Amino acid sequence: MGERSLRRLLILGANSVIIKRHVHSSARPGTWLGGMLSRKPPMLVRVALGQFGNVSCRQG
């Protein structure tokens, strides 16, 4: 399942991207993140984005 503190930090980082989505180009409409935010609850998207970061850290 991964380390709990790392997962928490990744979710907090995803939270900052979503809060400042007008600044981050990755969260604009037409992107994966923008589409997810238009269809799903924001907390679910935060966890999904944090989990994606967790998977990326393990592969790299």
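The values are calculated or read from the model by the stated rules, or taken from the named source; none is laboratory data. This structure is a prediction, so every number in the text was calculated from the model and none was measured. Cβ coordinates were reconstructed from backbone atoms using ideal geometry, including for glycine residues, and neighbour counts include every protein chain displayed.
Things to note:
- Pairs where the first residue, in the stretch 1-16, is at negative phi and the second is at pLDDT 80 or above and exposed (fewer than 12 other Cβ atoms within 10 Å of the Cβ), C-beta under 6 Å, 6+ apart: none
- Count - residues of the stretch 33-46 that are exposed (fewer than 12 other Cβ atoms within 10 Å of the Cβ) and not basic (Lys, Arg): 3
- Selection of the stretch 33-48 for residues being closer than 26 Å to residue 5 by Cα and not small (Gly, Ala, Ser) yields 33, 36, 37, 40, 41, 42, 43, 44, 45, 46, 47.
- For the stretch 47-57, a residue qualifies if it is at pLDDT 80 or above and surrounded by 18 or more Cβ atoms within 10 Å (Cβ to Cβ), and exactly one does: 49.
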